[in-house]
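For reference, the structure discussed in these notes is given below.
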Amino acid sequence: MAILANRDSTVMIQGISGKQGSLHTKFMLEYGVNIAAGVTPGKGGSEVHGVPVYNSPAEAISMHRSIDAALIMVPAPFVLDAGSKAIQQNIPLIVIITEHVPIHDTMKLKWLAGKNDLKLVGPNTIGVISPGKCKVGIMPASLYSEGRVGIISRSGTMTHEIASSLTRYNTGQSTCVGIGGDPVTGLGFADTMELFLTDEETDLVILIGEIGGFFEEQAASYMKKVKYPKPVFAFIGGKTAPAGKKMGHAGALISGASGTAEAKARLLENAGVSVASTVKELVESVSAYCREGQ
């Protein structure tokens, strides 16, 4: 059973009537995802690609026995309201694709999700994919393939690059989770590593990190604490980024001596992680490990 979402998962799209919501609903349906409902206030009673649209998550839930995941693709000012309403319906997995969500809104949603024991992914994420089973996100599914490598990433683009490179090496993935590139997100590296820990379909884990924030540091601390038994490989992007300058993501900001790629790599290596200097080295190392079956 894949972590977070699987073949039997039913999905609700919040913001389904928007341009991006409609587009990715189409792609997810083509991938075989069971999209039970969509939500757009004021558009209740309509359909998008055959998916019934409701005015609220509560209305959608009342018409369907259960919803396992909510994919949120509404404009940033409305994310707090959309996420709160999904949480009120106790939807187990909530994935927020939207960028530029105010940090205090994310913090509120993270607290609410944790209080209700729900999984929150994002914001500013590509989502979650278990290749061949389910995707709750916006990633091009053709780049991913079924296998036994788990990926946790702060960068959507690098997730695509590394997953597609692994695929070319005939090394498939069990589940890929984009935790998002913001300073505050729902699930972090450590949280997701804990999910992979008991996943029988995952043999090893890849961390795709970047400068800034404390996600990698938390992962290193977690690994030492639990003596993480599965092999972990990593790549940290942003080695040439100057201190004090934001690079790409809102969370990719070096503060003083902390948050650099070098500092993160050292901490991860001390926790037993094999840290690659380049993406090519990472892909070749992971693929070789899988081929050798060590």
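Considering only beta bridges that DSSP places wholly inside the stretch 101-191, some 55 percent are antiparallel. Here the Karplus curve 6.51 cos²θ - 1.76 cosθ + 1.60, taken at θ = phi - 60°, turns the phi angles of the stretch 65-73 into couplings of 4, 7, 10, 8, 8, 10, 9, 9, 9 Hz, with x standing for Gly and Pro.
Answer rounded, prolate or oblate for the stretch 10-121, using the Cα gyration tensor with square roots of eigenvalues a ≥ b ≥ c: rounded when a/c is under 1.5, else prolate when a/b is larger than b/c, else oblate. Prolate.
Just to be sure I understand: of the beta bridges DSSP finds with both ends in the stretch 10-121, what percent are antiparallel, rounded to 5?
Details: 2 of 20 bridges.
Just about 10 percent of them are antiparallel.
Computed from backbone phi with θ = phi - 60° and the Karplus coefficients 6.51, -1.76 and 1.60, the 3J(HN,Hα) list for the stretch 44-60 is x, x, 8, 9, 10, 6, x, 8, x, 10, 10, 7, 7, x, 4, 5, 5 Hz; x is used for glycine and proline. Calculate the length of the line joining the C-alpha centroid of the stretch 98-133 to that of the stretch 1-36, in whole Å. Spelled out, the Cα-based centre of one part sits 16 Å from the other.
Size of the dipole of the stretch 10-121 about the Cα centre, Lys and Arg at +1 and Asp and Glu at -1 on the beta carbon, nothing else charged, in debye to 20?
Details: 9 positive and 8 negative charges, 24 e Å.
Its charge dipole is roughly 120 debye.
Each Lys and Arg contributes +1 and each Asp and Glu -1, all at the Cβ; summed about the Cα centre of the chain, the dipole is approximately 300 debye. Applying a threshold of 29 Å to the alpha-carbon distances of K115/K225; K135/K225; K19/K230; K26/K119; K110/K224 flags K135/K225; K19/K230 as lying beyond it.
Looking at the chain, the DSSP beta bridges with both ends there are about 20 percent antiparallel. Using a cutoff of 8 angstrom between alpha carbon atoms and counting only pairs six or more residues apart, the relative contact order for the stretch 139-292 works out to 23 percent.
Using the Cα centre of the stretch 139-292 as the reference point, and only Cβ charges (+1 on K/R, -1 on D/E), how large is the resulting charge dipole? Debye, rounded to the nearest 20.
Numbers: 14 positive and 17 negative charges, 86 e Å.
Dipole of the stretch 139-292, to the nearest 20 debye: 420 debye.
Packing, taken as the mean count of other beta carbons within 10 Å per residue, orders the peptides 263-270, 213-220, 176-183 from highest to lowest as 176-183, 213-220, 263-270.
Listed by chain and number, the aspartates and glutamates whose alpha-carbon sits under 20 Å from that of K133, ignoring those within fewer than 8 places in the same chain, are D8, E30, D68, E146, D199, E200, E201, D203. The aspartates and glutamates whose alpha-carbon is closer than 15 Å to the alpha-carbon of K264, local same-chain residues fewer than 8 away aside, are E210, E216, E217. When only Cα pairs below 8 angstrom with a gap of at least 6 residues are kept, the chain shows a relative contact order of 13 percent.
We did not get these values from a lab; they are worked out from the coordinates using the rules stated. Computed from a predicted structure; not experimentally measured. All Cβ positions, glycine included, derive from the backbone under ideal geometry; neighbour counts span all protein chains shown.
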